[in-house]
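Participant: The structure is given below, and queries will be raised subsequently.
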Amino acid sequence: MTYDEARTLFPVLGRKAYLNAGTFGPLARPTLEAVQSEQRSELEHGRFGKAYFERMLAFRIELRAALAGLVGADPAQVALTASTTDGCNIVLAGLGLTAEDEVVTTDEEHFGLLGPLYASGARIVVVPANADAILAAVTARTRLLALSQVLWTTGRALPVLELRERSKIPILVDGAQSVGAIPVDARRLDFLTISGQKWLCGPDSTGALVVTDPERLRVSRPSYFSQASYEPTGRFEPQEGAARFDPNWLAPSALAGLVAALEVAPDWRFERAAEQTLRCRELLARHVEVVSGGATLVSFRLDDPPALVARLAESGVVVRDLPGTGLVRASCGWWTSDDDLERLVAGVSA
Ligand SMILES: Cc1ncc(COP(=O)(O)O)c(C=O)c1O
């Protein structure tokens, strides 16, 4: 598939300079067709019966395998969630932490990780988002490092594998801004979250959690999918592998949509996204202070971010401001064109 062929699959890109994948990726026509086909079947034939449940289970198997392949994991290490926040909650509740335990995190994390951290009851140690500060905060009480692979504020990447190896402490990696944007390898990470609606361009309320060693995490939020069998007391035999952590019924249409979205992404996705991000930074740096780091988010500083975001929206350029930071954030994907970037820069420099 050439770049031009791929781009025409996303109708919104014909209308807007859509630089918003850090929040929601653009939807492709095959994704919507898969969603609609499933919904139409439910509308016309109902949501019942062997064929319906078997189709739903087949989507779960297919999606688990596709997401595993994307991050170098085994399908048995993948739980299907509705979000990164779901994944963080599953891990933090499952570890059974107490006030005696410490978790090291950074001062640039999203509430999708911070909320579950706080709710865990552990002592949360917040340090600047750099490797030296993170390693220096590790003590004999540290049970977990919990941080983003790519910071949602600036797009800067943290060396998660190096942190895991040097600290020898289990790590929960928030992959919301990394999976689908840059190559990610879950193999030597303990826990990795995935958001389906961002860089994977999937439907809302889709995601995953990769658990390298499922036997070692307690099932703290069981759903019907968690059990292989159960007793009248609710005592249950967990499913094999990470499927035991599946926390929700996910709409079969959403499962089908994410499977389709993963099939749309071309082999050259990461190279092209990196090129366009670099180009975006270079173009913007001629006019404003750019604070972004290594991945596919480009944040830049200006006097009145909400006003700029509103002005850009009027000219069909979609970016967001990051409240309280003075920053505006543009998300560059493999689908981003030179014209999208020129429209952004024209709006910023006007
Ligand atoms: C770094 C990071 N973590 C977590 C989240 C929350 O993601 P989800 O909506 O999939 O829970 C976001 C969303 O913007 C994010 O950027």
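The values are calculated or read from the model by the stated rules, or taken from the named source; none is laboratory data. Only a predicted model underlies this, so the values are computations on that prediction, with no experimental measurement involved. Neighbour counts run over all protein chains shown; Cβ positions are idealised from the backbone, glycine included.
Participant: Out of 214, 238, 203, report the one residue that is without any contact (Cβ under 8 Å) to a residue 24 or more places away in the chain and of a type outside the set (A, V, I, L, M). Reasoning before the result, please.
Facilitator: Working: 214 fails: without any contact (Cβ under 8 Å) to a residue 24 or more places away in the chain; 203 fails: without any contact (Cβ under 8 Å) to a residue 24 or more places away in the chain.
Of the residues listed, the single one that is without any contact (Cβ under 8 Å) to a residue 24 or more places away in the chain and of a type outside the set (A, V, I, L, M) is 238.
Participant: Another one. What pairs come up if the first residue lies in region 8-33 and is more than 14 Å from residue 203 (Cβ to Cβ), the second is surrounded by 15 or more Cβ atoms within 10 Å (Cβ to Cβ) and of a type in the set (Asp, Glu), and their beta carbons are under 8 Å apart, counting only those six or more places apart or on different chains?
Facilitator: Partner pairs satisfying both residue conditions: 13/340; 17/340; 18/340; 19/340.
Rundown of residues vs (1) outside the structural domain of residue 295 (by TED's automatic domain parsing); (2) over 23 Å from the mean Cα position of the chain (by Cα); (3) assigned to a helix (DSSP H, G or I); (4) modelled with pLDDT of 95 or more, yes/no style:
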{"residue": "115", "(1), (2), (3), (4)": "yes, no, yes, yes"}
{"residue": "118", "(1), (2), (3), (4)": "yes, no, yes, yes"}
{"residue": "126", "(1), (2), (3), (4)": "yes, no, no, yes"}
{"residue": "132", "(1), (2), (3), (4)": "yes, yes, yes, yes"}
{"residue": "135", "(1), (2), (3), (4)": "yes, yes, yes, yes"}
{"residue": "146", "(1), (2), (3), (4)": "yes, no, no, yes"}
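Participant: Are there any pairs with C-beta distances below 6 angstrom linking a residue in region 243-270 that is among the aromatic types (Phe, Trp, Tyr) to a residue that is part of a helix (DSSP H, G or I), with the two at least 6 apart or on different chains, and if so which?
Facilitator: Here the result reads 245/90, each pair linking region 243-270 to a residue that is part of a helix (DSSP H, G or I).
Participant: Can you tell me how many residues in region 237-269 are more than 24 Å from residue 215 (Cβ to Cβ) and surrounded by fewer than 17 Cβ atoms within 10 Å (Cβ to Cβ)?
Facilitator: Adding up the residues that qualify gives 5.
Participant: When region 70-120 is examined, which residues are found to be of a type in the set (Phe, Trp, Tyr) and away from the ligand (no atom under 12 Å from the Cβ)? First the steps, then the outcome.
Facilitator: Residues of region 70-120 of a type in the set (Phe, Trp, Tyr): 111, 118.
Listed by number, the list holds a single entry, 118.
Participant: Looking only at helices (runs of 4 or more DSSP H) that fall completely inside region 235-350, which ones have 3 or more residues that are over 30 Å from residue 225 (Cα atoms) and touching a strand residue (DSSP E or B) at 6+ places or on another chain (Cβ under 9 Å)? So that I can check it myself, show each step before the final result.
Facilitator: Details: elements: 252-264, 269-285, 305-314, 338-349.
The helices (runs of 4 or more DSSP H) meeting that bar are 269-285, 305-314, 338-349.
Participant: Give 9, 97, 43 a once-over and let me know the one that is modelled with pLDDT of 95 or more, aliphatic (A, V, I, L, M) and assigned to a helix (DSSP H, G or I). Outline the logic, then answer.
Facilitator: Working: 9 fails: assigned to a helix (DSSP H, G or I); 97 fails: assigned to a helix (DSSP H, G or I).
Step by step, each of 9, 97, 43 is checked, and only 43 is modelled with pLDDT of 95 or more, aliphatic (A, V, I, L, M) and assigned to a helix (DSSP H, G or I).
Participant: So which of 129, 93 is farther than 16 Å from residue 189 by Cβ and either crowded, with 19+ Cβ neighbours inside 10 Å or touching a strand residue (DSSP E or B) at 6+ places or on another chain (Cβ under 8 Å) (or both)?
Facilitator: On the way: 93 fails: either crowded, with 19+ Cβ neighbours inside 10 Å or touching a strand residue (DSSP E or B) at 6+ places or on another chain (Cβ under 8 Å) (or both).
129 is the lone residue from the list that is farther than 16 Å from residue 189 by Cβ and either crowded, with 19+ Cβ neighbours inside 10 Å or touching a strand residue (DSSP E or B) at 6+ places or on another chain (Cβ under 8 Å) (or both).
Participant: Another question about this same structure. Restricting attention to region 66-94, and to residues there that are out of contact with any Asp or Glu (no Cβ under 7 Å at 6 or more places or on another chain) and assigned to a strand (DSSP E or B), which single residue is nearest to residue 256 (Cα to Cα)?
Facilitator: 81
Participant: Run down 106, 142 and say which single residue is of a type outside the set (A, V, I, L, M), outside the structural domain of residue 20 (by TED's automatic domain parsing), touching a strand residue (DSSP E or B) at 6+ places or on another chain (Cβ under 6 Å) and closer than 30 Å to residue 20 by Cβ. Spell out how you get there, then give the answer.
Facilitator: On the way: 142 fails: closer than 30 Å to residue 20 by Cβ.
Residue meeting the stated conditions: 106.
Participant: While we're on this one: State which residue is surrounded by the fewest Cβ atoms within 10 Å (Cβ to Cβ) when the search covers only region 187-205 and only residues that are more than 10 Å from the ligand (Cβ to nearest atom) and within 14 Å of residue 242 (Cα to Cα).
Facilitator: The qualifying residue surrounded by the fewest Cβ atoms within 10 Å (Cβ to Cβ) is 190.
Participant: Which of (1) surrounded by 13 or more Cβ atoms within 10 Å (Cβ to Cβ); (2) modelled with pLDDT under 95; (3) over 25 Å from residue 200 (Cα atoms) is the odd one out, the single condition residue 303 does not satisfy?
Facilitator: Tallying (1) surrounded by 13 or more Cβ atoms within 10 Å (Cβ to Cβ); (2) modelled with pLDDT under 95; (3) over 25 Å from residue 200 (Cα atoms), residue 303 fails exactly one: (1).
Participant: Can you spot a residue in region 46-65 that is modelled with pLDDT of 95 or more, within 23 Å of the chain's Cα centre (by Cα), assigned to a helix (DSSP H, G or I) and hydroxyl-bearing (Ser, Thr, Tyr)?
Facilitator: Among the residues of region 46-65, not one is modelled with pLDDT of 95 or more, within 23 Å of the chain's Cα centre (by Cα), assigned to a helix (DSSP H, G or I) and hydroxyl-bearing (Ser, Thr, Tyr), which makes the answer no.
Participant: For region 23-40, indicate whether the set of residues that are under 30 Å from residue 137 (Cα atoms), touching a strand residue (DSSP E or B) at 6+ places or on another chain (Cβ under 9 Å) and within 16 Å of the ligand (Cβ to nearest atom) is non-empty. Reasoning before the result, please.
Facilitator: To start, the set of residues in region 23-40 that are under 30 Å from residue 137 (Cα atoms) comprises none.
For region 23-40, residues under 30 Å from residue 137 (Cα atoms), touching a strand residue (DSSP E or B) at 6+ places or on another chain (Cβ under 9 Å) and within 16 Å of the ligand (Cβ to nearest atom): absent.
Condition check ((1) surrounded by 20 or more Cβ atoms within 10 Å (Cβ to Cβ); (2) touching a Leu at 6+ places or on another chain (Cβ under 9 Å); (3) under 24 Å from residue 269 (Cα atoms); (4) of a type outside the set (Phe, Trp, Tyr)) across all residues:
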residue	(1), (2), (3), (4)
83	yes, no, yes, yes
144	yes, yes, no, yes
150	yes, yes, yes, yes
164	no, yes, no, yes
180	yes, yes, yes, yes
